[in-house]
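In what follows, a single structure is set out as structure tokens and then discussed.
The values are calculated or read from the model by the stated rules, or taken from the named source; none is laboratory data. Given the structure is predicted, the values throughout are model-derived calculations rather than measurements. A quick note on method: Cβ atoms are made from the backbone with ideal geometry, for glycine too, and the neighbour counts reach across all protein chains shown.
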Amino acid sequence: MAATYDFPSDLLAGQEELHQVRAELSALLKRLPWSVEPLDGFSDDNGWRKVERPASPGWTEDEQAEVEKLRRREHELAVFVSTHRYWSELTGPDRMHARSRLKRTAGEGAPPDRAEESP
């Protein structure tokens, strides 16, 4: 039977915001040019696979600031979630399963952690 965990509301909120910040950062990085600094494009087929990049105009100061802001917030939230006092209440496998369950918690419709369902 799957274990259930009574996560504190601030821990759940921190994990949910961490998911959101990571999704925002990922989407932003996909939209931005491949290089922070302006660089010429290149093509290299001497390696184990061909690599091509178009010329990059680089990132604007606003884009760099937004990435830095999101990375800073992601770090703050990761530290908050991983060092939350709740974890001191659990030990060994229970702590591992609870952390895994929390990572997959994204509101009420989150899928269960399959590792917890095994006997």
Fill in the blank from the handout: If you go through 18, 11, 28, the only one that is within 23 Å of residue 80 (Cβ to Cβ) and within 12 Å of the chain's Cα centre (by Cα) is 18
Exercise for the section: Give segment 36-52 a look and list any residue that's surrounded by 10 or more Cβ atoms within 10 Å (Cβ to Cβ) and either hydrophobic (A, V, I, L, M, F, W, C) or touching a residue at least 24 places away in the same chain (Cβ under 8 Å) (or both), or say none. Expected result: 36, 39, 42, 51
Handout entry: Test: residue 52 is touching a Ser or Thr at 6+ places or on another chain (Cβ under 9 Å) and either more than 26 Å from residue 81 (Cβ to Cβ) or modelled with pLDDT under 95 (or both)
Key = yes
Completion exercise
Of (1) modelled with pLDDT of 95 or more; (2) exposed (fewer than 13 other Cβ atoms within 10 Å of the Cβ); (3) not in a helix (DSSP H, G or I), residue 62 fails just (3)
Practice task
Among the candidates 37, 68, 24, 52, single out the residue that is in contact with a Gly (Cβ under 7 Å, 6 or more places away or on another chain) and over 16 Å from residue 7 (Cβ atoms).
Solution key: 37
Exercise for the section: Examine segment 103-116 for a residue that is within 24 Å of the chain's Cα centre (by Cα), modelled with pLDDT under 95 and on the phi > 0 side of the Ramachandran plot, and state whether such a residue exists. Expected result: yes
Problem - Residues within segment 1-55 that are in contact with a helix residue (DSSP H, G or I) (Cβ under 7 Å, 6 or more places away or on another chain), farther than 19 Å from residue 67 by Cβ and assigned to a loop (DSSP other than H, G, I, E, B), tallied - result: 5
Exercise for the section: Please find, within segment 80-106, the residue that is nearest to residue 15 (Cα to Cα) out of those that are hydroxyl-bearing (Ser, Thr, Tyr) and assigned to a helix (DSSP H, G or I). Expected result: 82
Problem - Matching residues, segment 31-79, being under 30 Å from residue 12 (Cα atoms) and among the small types (Gly, Ala, Ser) - result: 65, 78
Problem - Filter pass, residue 84 being modelled with pLDDT of 95 or more and surrounded by 13 or more Cβ atoms within 10 Å (Cβ to Cβ) - result: yes
